[in-house]
Amino acid sequence: MPIIPGIFYNAILVSAASAWAIAQLLKVLVSVILLRKLNFQLIFSSGGFPSSHSATVSALALGIGKYYGWDSPIFAVAVVFGMIVLYDAAGVRRAAGLQAEVLNQLVERMYPNLNIEKKRLKELIGHTPFEVFAGVSLGIIVGLLL
């Protein structure tokens with residue numbers, strides 16, 4: 001089977017990609033509901049509700065478990081990979097975002113007359129535990145449905 005059409009028949013890959021896409025689209029919808037602002041840039045952004053990283057790895061691990069078995073070595077790899085991604089999203093990247101927020105505030109206070117809007121550090125790069133939980137839940141739902 002040729003590579004390109006074959007990719008679309010890979011249920012595990014389709015499930016993981018679908019979970020990512022749905023999570024990214026939900027970020028736009030949440031922005032419309034909460035901020036009353038349509039921001040299509042959120043489709044390609046990190047951070048926010050729900051965590052697309054968490055949704056993707058959860059759907060991936062669930063698909064691998066369903067297809068190869070819950071006792072398979074590849075399922076173990078997917079689970080460990082997923083745990084690292086979840087830890088990174090809620091731990092490391094969230095801390096980096098909080099540090100960026102503090103640094104942006106410091107620079108604004110130290111240089112109030114300097115126009116630094118274009119040089120601000122990105123603050124929304126990680127996730128709260130609730131955003132990660134929502135992403136995992138979405139990934140499980142998508143993984144069960146596909």
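Here are the numbers:
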{"read-out": "Odd one out for Val102, checked against (1) assigned to a helix (DSSP H, G or I); (2) within 21 Å of Ser51 (Cα to Cα)", "value": "(2)"}
{"read-out": "Residue within segment 78-91 that is closer than 17 Å to Ser46 by Cβ, hydroxyl-bearing (Ser, Thr, Tyr) and loosely packed, with under 15 Cβ neighbours inside 10 Å present", "value": "yes"}
{"read-out": "Residue identified as surrounded by 15 or more Cβ atoms within 10 Å (Cβ to Cβ), free of Cβ contacts under 8 Å to residues at least 60 places away in the same chain and over 16 Å from the mean Cα position of the chain (by Cα) among Ile7, Ile3, Ile64, Ile33", "value": "Ile64"}
{"read-out": "Matching residues, segment 36-61, being part of a helix (DSSP H, G or I) and buried (at least 24 other Cβ atoms within 10 Å of the Cβ)", "value": "Ser52, His53, Ser54, Ala55, Thr56, Val57, Ser58, Ala59, Leu60, Ala61"}
{"read-out": "Top-ranked residue in segment 92-110 [being of a type outside the set (A, V, I, L, M) and loosely packed, with under 12 Cβ neighbours inside 10 Å; ranked as nearest to Gly47 (Cα to Cα)]", "value": "Gln105"}
{"read-out": "Odd one out for Trp70 among (1) in contact (Cβ under 8 Å) with a residue 40 or more places away in the chain; (2) among the aromatic types (Phe, Trp, Tyr); (3) not in a helix (DSSP H, G or I)", "value": "(1)"}
{"read-out": "Identity of the residue in segment 20-30, within 14 Å of Ile141 (Cα to Cα) and in contact with a helix residue (DSSP H, G or I) (Cβ under 7 Å, 6 or more places away or on another chain), that ends up surrounded by the fewest Cβ atoms within 10 Å (Cβ to Cβ)", "value": "Ile22"}
{"read-out": "Where Phe75 falls short, out of the listed (1) surrounded by 13 or more Cβ atoms within 10 Å (Cβ to Cβ); (2) farther than 23 Å from Gly143 by Cβ; (3) over 17 Å from the mean Cα position of the chain (by Cα)", "value": "(2)"}
{"read-out": "Qualifying residue in segment 78-86 (condition: assigned to a helix (DSSP H, G or I), at pLDDT 85 or above, closer than 15 Å to Ser15 by Cβ and among the small types (Gly, Ala, Ser))", "value": "yes"}
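The values are calculated or read from the model by the stated rules, or taken from the named source; none is laboratory data. Please read these numbers as outputs of a predicted model, since none were measured by experiment. Neighbour counts run over all protein chains shown; Cβ positions are idealised from the backbone, glycine included.
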